[in-house]
1. Would you confirm whether or not the range 261-272 contains a residue that is of a type outside the set (D, E, K, R), open to solvent by 20 Å² or more (accessible area, probe 1.4 Å) and closer than 23 Å to Val179 by Cα?
2. Which count do you get for residues in the range 177-204 that are among the basic types (Lys, Arg) and surrounded by fewer than 15 Cβ atoms within 10 Å (Cβ to Cβ)?
3. Specify the residue that is nearest to Val170 (Cα to Cα); the eligible residues are those in the range 78-128 that are hydrophobic (A, V, I, L, M, F, W, C) and outside any helix (DSSP H, G or I).
4. Test Leu252 against the criterion of being of a type outside the set (Asp, Glu), closer than 30 Å to Gln287 by Cα and open to solvent by less than 70 Å² (accessible area, probe 1.4 Å), and give yes or no.
5. Looking at Ala393, Ala382, Ala375, which one is part of a helix (DSSP H, G or I), of a type in the set (A, V, I, L, M, F, W, C) and either surrounded by fewer than 21 Cβ atoms within 10 Å (Cβ to Cβ) or at pLDDT 80 or above (or both)?
6. As an exercise: evaluate Ala362 against (1) crowded, with 16+ Cβ neighbours inside 10 Å; (2) more than 16 Å from Trp307 (Cα to Cα); (3) at pLDDT 75 or above and give the number of the one condition it does not meet.
7. Pairs under 8 Å by beta carbon, first residue over 17 Å from Ala115 (Cβ atoms) in the range 69-83, partner surrounded by 10 or more Cβ atoms within 10 Å (Cβ to Cβ), six or more apart or different chains?
8. Taking the range 287-300 only, how many residues are under 24 Å from Val343 (Cα atoms) and either in contact with a Cys (Cβ under 9 Å, 6 or more places away or on another chain) or open to solvent by 60 Å² or more (accessible area, probe 1.4 Å) (or both)?
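The values are calculated or read from the model by the stated rules, or taken from the named source; none is laboratory data. As the structure is a prediction and not an experimental result, all values here were calculated from the model. With ideal geometry, Cβ positions are generated from the backbone for all residues, glycine too; neighbour counts draw on all protein chains shown. These area figures cover heavy atoms from the full protein model, side chains too; ligands, DNA and RNA do not enter into them. Shrake-Rupley method; radii C 1.70, N 1.55, O 1.52, S 1.80 Å.
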Amino acid sequence: MRVALWFLGLFGVAVLLALFVSNNEGTITVFWPPHRVDLSLNMVVVLLGLLFLLIHLALRALAALFALPGQARSWRVRHQEQAMYATLLEALSHFVAGRFLRARKAALEVLAREAAMAHSGEGGAAAVRLRVMSYLLAAEGSQALQDKAARDTYLQQALAQSASPGALGVREGLLLRAVRWSLEDRDATSAQDWFGQLPSGVARRTVALRLRLKLARLARQSGPALDTARLLVKHRAFSDVSGRGLVRALALENIRDARDPEQLQRVWHKLESAEQAMPEVACLAAQRCLLLGCEQAAALAWLLPVWERMLTAPEGLTPSQKMSLVQVLEAAFASAVDSAWLVRIEQAQMAQPGDAVLQYLAGVACLHLELWGKAQQLIKQALPRLHDHRLAARAWLMLADLAQRQGDSEHAASAWQQAAQLALRQDD
């Protein structure tokens, strides 16, 4: 359609020109004393057109002639920039391939080429960023070569260049790299100093949160490490399994760091409900609570969600988690057996009579309540089905104690022997 319109337009112009030329009888007379020249109007129009075309071509030729030095300079700058970028790519290739010394040499060559261009006044618009990235590559190569003095020198030069208006946004990356290098050197103080220079917006990025987590763990700051891990989990920086494992490990570390009952209470109340319901966390918190002299009721209250989880979903706890729960409850019952927990244990044991662990725990409760006969009966029934050597050894020790109380030295000695054999097997 467009081509057809063009043809129609050309035909229209041709018709107009034909009508103008065929009916145009005008003449133009040029007097140049003593001469007189008569020209038709059509000829004058053609000559003026040719003159305009000639002047236009002459001006274009002059412009192209005068532009030759600028074009030569532009070609030279482009050639040098291409050489610089090729050298920069070579430095990146060497760095990725693990040839760190060659990478540093290539980065320094880029800087030398850029300095020569700047000295001749031919620096490009991205010269500042190019210098910063070259210094950063040289610093990365020095870090890989364990040349810390050269790394710090190149880093300071890169930071100085990043202060220029043409390098906005590059400084943040330099500070993040400086934090990472300090963490690799296990220098928590230097890493904290570099991290403090990050803007607040950058410090909330996922990569910065990962560095903060490593920094907190290096400085043994378990509380801030746990808070940072929670943020990373919310930002989906880890998979679900890895995130839960990391949070669980940090929660356990916070509990282990508690040195008195008040500190342990603060740590426990700072944990989220999902973290408090983790079997390992609850068991360790209750164990530390009993060890630090907290009230027995607090430790048992922390264990209650894990206990209910074990009863409602027997497969919800692994065998090791179940053993940990039983051992902590056994330690809690050493001082006194809570009546509510005694009812819970009896109801659970009657609901699941085939569960040897619950039967053993009921026997332990009866033992602490001085119900010797019932305790001995329950422990004897549970003993053949206890697969955990530590729990079985504890059961034999209780049977030995009960036999000794009854004056049965022969059975007491046999039980002591069985407990010793299980302890030796456990050590092996």
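1. No; the residues of the range 261-272 include none that is of a type outside the set (D, E, K, R), open to solvent by 20 Å² or more (accessible area, probe 1.4 Å) and closer than 23 Å to Val179 by Cα.
2. 2
3. Pass one, the range 78-128, residues hydrophobic (A, V, I, L, M, F, W, C): 83-84, 86, 88-89, 91-92, 95-97, 100-101, 103, 106-108, 110-112, 115-118, 125-128.
Subset that is outside any helix (DSSP H, G or I): 97, 125-126.
Numbers: Ala97: 24, Ala125: 15, Ala126: 12 Å.
Once the filter is applied, the top-ranked residue is Ala126.
4. Details: of a type outside the set (Asp, Glu): yes; closer than 30 Å to Gln287 by Cα: yes; open to solvent by less than 70 Å² (accessible area, probe 1.4 Å): yes.
Considered against the rule, which asks whether it is of a type outside the set (Asp, Glu), closer than 30 Å to Gln287 by Cα and open to solvent by less than 70 Å² (accessible area, probe 1.4 Å), Leu252 comes out as yes.
5. Ala393
6. Ala362 satisfies all of (1) crowded, with 16+ Cβ neighbours inside 10 Å; (2) more than 16 Å from Trp307 (Cα to Cα); (3) at pLDDT 75 or above except (2).
7. Arg73/Glu122
8. Counting residues in the range 287-300 that are under 24 Å from Val343 (Cα atoms) and either in contact with a Cys (Cβ under 9 Å, 6 or more places away or on another chain) or open to solvent by 60 Å² or more (accessible area, probe 1.4 Å) (or both) gives 6.
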